Amino acid sequence: MGNILKPAWRFSQHGNLWSIYNAGKNFITGETREEKKKLPLFFTVNAKTGEVILRDYQLNEENALISSIASSDKYLFLHRLINPELPIHRGIIAVDIHSGEIIWKNEEYEYMFHTNDAVYTKITKFENFEYQKLDINSGNLIKNYSENDTATLFELRRQLIEENYENEKDFPVYNIEYSSEDAKDIFNREINIDTGNYQIEFIEKDKLLIFTYHKALADNCYQVFICIYNLSDKKRLFKETIYKQAPLVFPDNFFIMDNFLYFIKEKKEIVAINLNL
């Protein structure tokens, strides 16, 4: 049976996907890593049209020691590894997601989180932390915080995380006990779940069921599929293999943002499908 829904766009560049971020609702940005050199290559794509803004973009920095950590609707934030052998980071580099230009950088502070107009940072001391608020467009210091302000800062970060999950993206659920009876019927139709030879992640949204499942192979690998079904008539609208031989169970392969489904294929390709039927 052929797919009724078709991908709106596909994107790939050199290397394996290392990180992916929504830069607001209009762009997707992130990095890939070359397998041998481990150098980060940055990208920006229009989230709706797939227009490529940046591809295989390399900064004139110590590339093996930098990595992305977050994105706003304007900037991709990077940080540095102090030692390639240790997961300790320092510094912030704000890169324009459209031009690739470094707008500002700070070698002293560590990124914590950001809002629309500010970046919140810290300095790790021997016995405590010092916290700062920077202007997001310039990196200039706006405010130093005392230890008495710690609770306020962490509450602000908690609220931002909660808003992001509630308002911007839909993420998959792992426990099928939380699915509807129609969804359970579709799972049984698509997969023989009674055998236990599967792992399902799913989203139910606007009469659609989107899910991935892992099928165990004989050589201790997994084949991974993504499916889209109409919950009303239980008709399959889309199915594609996203990993032919995955050595591990890879979670979080897809999400929905602004009624577009985005999924990762073979750790190399981003695929977008418009869910507006």
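Table for the structure above
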item	result
Extended-chain gain in nm, criterion 0.36 nm per residue less alpha-carbon gap, A218 and Q159	16.7 nm
For the chain, size of Cβ-based charge dipole, Lys and Arg +1, Asp and Glu -1, in debye	880
Set of lysines with alpha-carbon distance to K267 below 26 Å, sequence-local pairs under 8 removed	K6, K25, K36, K37, K38, K48, K74, K169, K205, K215, K239, K244
FRET efficiency for D182 and N148, using Cβ-Cβ distance with R0 set to 51 Å, rounded to 0.05	0.45
Calculated Rg/Rh (Cα atoms, Kirkwood Rh) (choose from (1) 1.01; (2) 1.09; (3) 0.96), label	(1)
Cα long-axis angle, helix 181-190 against the chain (0 to 90 degrees, to the nearest 10)	70
Acute angle (nearest 10 degrees) that the helix 150-163 long axis makes with the longest principal axis of the chain, alpha-carbon atoms	30
Alpha-carbon centroids, the stretch 107-143 and the stretch 1-53: separation in whole Å	29
Summed residue charge, Cβ within 10 Å of N116's Cβ, Lys/Arg positive, Asp/Glu negative	-1
Gain upon complete extension [F126, E269; 0.36 nm per residue less C-alpha separation]	47.2 nm
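Throughout, read-outs are computed from the coordinates displayed, never taken from laboratory work. Quantities reported herein were computed from a predicted structural model and do not represent experimental measurements. As a convention, Cβ positions derive from the backbone with ideal geometry for all residues, glycine included, and neighbour counts pool all protein chains shown.
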